[in-house]
Amino acid sequence: MKLDSPLNYHMQIPENPLSSTPVVFIHGLFGDLNNLGVLARDLQQYYPVIQIDVRNHGLSPRANNMDYHDMAQDVISLLDHLQIQSAIIIGHSMGGKIAMAMTALAPERIEKIVLIDIAPVAYQVRRHDQIFTALNKVTEAGVKTRQDAAKMMRENIQEEGVIQFLLKSFHQGEWKFNLPVLINQYEKIIGWQEIPTWPHPALFIRGGLSPYIQEEYRHDIARQFPQAKAWVVAGCGHWVHAEKPDAVLKAIHRFLNTDTELT
């Protein structure tokens with residue numbers, strides 16, 4: 001299902017970039033274009049940087065479908081709109097799957113991809129059901145302030161950091177993401193349809209404490225991304241870029257410049 005208008009985005013171009021190839025940042029579930037800001041602010045010193053809201057998030061258009069073919073096409077359509085022929089794509093979680101799906105739709109237009117704590121597999125565990133329950137409670141209660149929303153959410157969500165992350169998308173009693181569609185399309189979001197081999201550089205950054213990239217996924221990664229390299233950031237979980245941004249940036253810079261150092 002094609003969107004009626006382009007994705008919402010923010011673009012920053014440095015005065016003297018090291019490269020003219022833009023870096024596109026794609027956030028994960030429940031997020032928006034600000035979520036990878038700590039990485040974007042660093043890289044925009046060296047590259048043109050584009051941060052986007054994916055469909056049903058932030059200020060981007062709404063749609064009833066959330067499969068990766070359509071979400072990848074959204075980003076490619078934005079590149080067309082901006083007259084960008086090739087790009088480097090960096091995505092976290094769901095955003096990483098969007099980046100991987102882009103390599104199937106426009107393999108010649110993607111130079112490199114960085115996937116932050118996500119694998120090209122269909123996950124069998126529903127990790128967000130308690131979050132959906134908490135979000136629905138806030139909506140049904142009609143609360144207007146973040147303080148009241150946080151109080152309600154603590155009944156279902158134990159991690160304070162997750163609550164604060166979600167509250168970034170709560171404004172005057174409304175969520176900035178399309179909650180009913182995210183719930184309805186959740187199986188597609190955690191799912192995956194294997195894509196053709198993409199024989200170009202791919203970096204998988206994993207949080208050492210995160211369950212999202214397991215040893216058992218090695219063959220799935222290698223089959224779809226034979227040039228894949230891995231970088232593990234010890235002592236952090238799924239939001240590795242927020243917990244240890246310096247370590248993530250170090251890996252990204254090495255990969256974009258001299259990825260031969262990675263193993």
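Of the residues Asn34, Asn56, Asn136, the one that moves most in a GNM of the chain with alpha-carbon contacts below 10 Å is Asn136.
Taking the Cα centre of region 95-134 as origin, work out the dipole magnitude from +1 charges on Lys and Arg Cβ and -1 charges on Asp and Glu Cβ, in debye rounded to 20. The partial results should precede the final answer.
Details: 5 positive and 4 negative charges, 14 e Å.
Here the size comes out at about 60 debye.
The reciprocal of the average 1/r between distinct C-alpha atoms defines the Kirkwood hydrodynamic radius, which for region 128-175 equals 10.3 Å.
Within straight-line reach of Lys112, meaning a Cα separation under 14 Å, sit the following aspartates and glutamates at least 8 residues removed in sequence or on another chain: Asp259.
Rounded to the nearest 20 debye, the dipole size of the chain about its Cα centre is 260 debye, using +1 on the Cβ of Lys and Arg and -1 on the Cβ of Asp and Glu.
A quarter of the convex hull surface defined by the alpha-carbon atoms of region 43-148 gives 9.1 nm² as the mean projection. Each Cα pair of region 164-262 feeds into the Kirkwood radius, which the Stokes-Einstein equation turns, at 20 °C and 1.002 mPa s, into a diffusion coefficient of 134 µm²/s. With 21 Å as the limit on Cα-Cα distance, the pairs of Lys97/Lys168; Lys137/Lys176; Lys151/Lys176; Lys188/Lys250 that go past it are Lys97/Lys168; Lys188/Lys250.
Counting pairs of Cα atoms in region 96-249, how many percent are more than 28 Å apart?
Details: 3679 of 11781 pairs.
The proportion of pairs with Cα distances above 28 Å equals 31 percent.
Distance between the C-alpha centres of region 128-197 and region 39-83: 20 Å, rounded to the whole angstrom. The tail of the calculated P(r) for the chain, taken as Cα-Cα distances beyond 31 Å, holds 21 percent of the pairs. Our summary of shape: the Cα atoms of region 189-244 have principal axis extents of 33, 23, 19 Å, ordered from largest down, in whole angstrom.
Working from label points 7 Å from Cα in the Cα-to-Cβ sense, the His253 to Glu187 distance is 4.6 nm.
Every number here is computed from the coordinates shown, using simple stated rules; none is lab data. Just so we're clear, the structure is a prediction, and the values are computed from it rather than from any experiment. Because the Cβ atoms are built from the backbone with ideal geometry, glycine has one as well, and the counts that use them run over all protein chains shown.
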